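Here is the structure we will look at.
The values are calculated or read from the model by the stated rules, or taken from the named source; none is laboratory data. The model shown is predicted, which means the values in this text are computed figures rather than measured ones. When we count neighbours, we look across all protein chains shown, and the Cβ atoms used for this are built from the backbone with ideal geometry, even at glycine.
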Amino acid sequence: MRLRTVLLDSLVGLAAGLIATRITGTVQGILWRMMPEDAKQEEADAALPLDPSQTAAKRLARLAGVELTGKALETGGWIVHYATGLGWTPVYMLLRRWGGLHPAGAALVCGSAMALALDEGLVPALELSRGPRAYPWETHARGFVTHIAFGVLVTAAVETLSRPARRAERVSRRRRRAA
């Protein structure tokens, strides 16, 4: 694979990850508002004092000898949240470029894998949240749908942002063949 392709994929992936992570937060908020009040209360009762991103930020800061509180903790949580989205975007890129999956399939696999690996696996395993059984099914459904939305949004962003580069590559190949 050419260095130019790798660099372009990296830039497109970063932009797509930022876009998808930002919009996914809005999707999650909409889905939260749709949840029944008793499920919201059950989720709140099960939740740890900090959300998983803030807990991770606090732990990472402690490793550096820094104690996060207040606004710094909130900002740290957002940084972890966005870093997670940016870090997961290459999964989609690999599924498309190396796995050869259709965009819709790659979106579904990317989002589903994110929900299962993070929300149902890594986050509780690292004690960033309580175990999956502590939360109502509506919480899991909201998380799963939110992560599928992330996969779809990454797909839309990657496919849209990489279209001009793919077109330029095709033109370049045609010119080389014609020469």
**Asked** Could you give every pair whose Cβ atoms fall below 8 Å, whose first residue belongs to the range 27-50 and is within 19 Å of residue 146 (Cβ to Cβ), and whose second residue is of a type in the set (Phe, Trp, Tyr) and not in a helix (DSSP H, G or I), counting only separations of at least 6 or pairs across chains?
**Response** 42/135; 43/135; 46/135
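Go through the range 30-50 and give me each residue that's assigned to a helix (DSSP H, G or I), of a type outside the set (Gly, Ala, Ser) and surrounded by 14 or more Cβ atoms within 10 Å (Cβ to Cβ).
We begin by selecting, within the range 30-50, every residue assigned to a helix (DSSP H, G or I); these are 30-34, 37-46.
Filter once more, keeping what is of a type outside the set (Gly, Ala, Ser): 30-34, 37-38, 40-43, 45.
Residues satisfying the conditions are 31, 32, 40, 42, 43.
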**Asked** Can we say residue 67 is over 30 Å from residue 166 (Cβ atoms) and not in a helix (DSSP H, G or I)?
**Response** yes
**Request:** Would you check if there is a residue in the range 130-142 being in a helix (DSSP H, G or I), in contact (Cβ under 8 Å) with a residue 24 or more places away in the chain and touching a Cys at 6+ places or on another chain (Cβ under 9 Å)?
**Result:** no
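I'm trying to understand the selection: among the residues of the range 142-172, which are closer than 16 Å to residue 30 by Cα and of a type in the set (Ser, Thr, Tyr)? Steps first, please.
To start, the set of residues in the range 142-172 that are closer than 16 Å to residue 30 by Cα comprises 142-150, 153.
Of everything in the range 142-172, just one residue is closer than 16 Å to residue 30 by Cα and of a type in the set (Ser, Thr, Tyr), namely 146.
Step by step: first the residues of the range 105-150, then only those that are among the polar types (S, T, N, Q) and either buried (at least 21 other Cβ atoms within 10 Å of the Cβ) or more than 11 Å from the chain's Cα centre (by Cα) (or both), then the one that is farthest from residue 55 (Cα to Cα). Which residue is that?
First, the residues of the range 105-150 that are among the polar types (S, T, N, Q): 112, 129, 139, 146.
Narrowing the set further to residues that are either buried (at least 21 other Cβ atoms within 10 Å of the Cβ) or more than 11 Å from the chain's Cα centre (by Cα) (or both) leaves 129, 139, 146.
Working: 129: 9, 139: 19, 146: 21 Å.
The selected residue is 146.
How many residues does the range 24-52 hold that are out of contact with any Phe, Trp or Tyr (no Cβ under 7 Å at 6 or more places or on another chain) and of a type in the set (Ser, Thr, Tyr)? Lay out the reasoning, then the answer.
Residues of the range 24-52 that are out of contact with any Phe, Trp or Tyr (no Cβ under 7 Å at 6 or more places or on another chain), as a first pass: 25-42, 44-45, 47-52.
Okay, now just the ones that are also of a type in the set (Ser, Thr, Tyr), so 26.
Counting residues in the range 24-52 that are out of contact with any Phe, Trp or Tyr (no Cβ under 7 Å at 6 or more places or on another chain) and of a type in the set (Ser, Thr, Tyr) gives 1.
Does at least one position in the range 59-70 carry a residue that is on the phi > 0 side of the Ramachandran plot and out of contact with any Cys (no Cβ under 7 Å at 6 or more places or on another chain)? Walk me through it before giving the result.
First, the residues of the range 59-70 that are on the phi > 0 side of the Ramachandran plot: 65, 70.
Still in the running and out of contact with any Cys (no Cβ under 7 Å at 6 or more places or on another chain): 65, 70.
Scanning the range 59-70 turns up at least one residue that is on the phi > 0 side of the Ramachandran plot and out of contact with any Cys (no Cβ under 7 Å at 6 or more places or on another chain).
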**Complete:** Going through (1) closer than 22 Å to residue 156 by Cβ; (2) in contact with a helix residue (DSSP H, G or I) (Cβ under 7 Å, 6 or more places away or on another chain) one by one, residue 43 fails only at (1)
**Prompt:** If we keep just the residues of the range 68-94 that are among the small types (Gly, Ala, Ser) and under 11 Å from the mean Cα position of the chain (by Cα), which is surrounded by the fewest Cβ atoms within 10 Å (Cβ to Cβ)?
**Reply:** 87
**Request:** Consider only pairs whose beta carbons are under 6 Å apart and that are at least six residues apart or on different chains; among these, list those whose first residue lies in the range 89-103 and is small (Gly, Ala, Ser) and whose second residue is assigned to a loop (DSSP other than H, G, I, E, B) and buried (at least 17 other Cβ atoms within 10 Å of the Cβ).
**Result:** none
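Can you name every residue in the range 51-64 that is without any contact (Cβ under 8 Å) to a residue 24 or more places away in the chain and part of a loop (DSSP other than H, G, I, E, B)? Break it down into steps so the answer makes sense when it comes.
The first filter runs over the range 51-64 and keeps only residues without any contact (Cβ under 8 Å) to a residue 24 or more places away in the chain, leaving 57-64.
Scanning the range 51-64 gives a single hit, 64.
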**Message:** Here is a list: 175, 97. Which entry is at pLDDT below 95, among the charged types (D, E, K, R), farther than 18 Å from residue 28 by Cα and exposed (fewer than 14 other Cβ atoms within 10 Å of the Cβ)?
**Reply:** 175
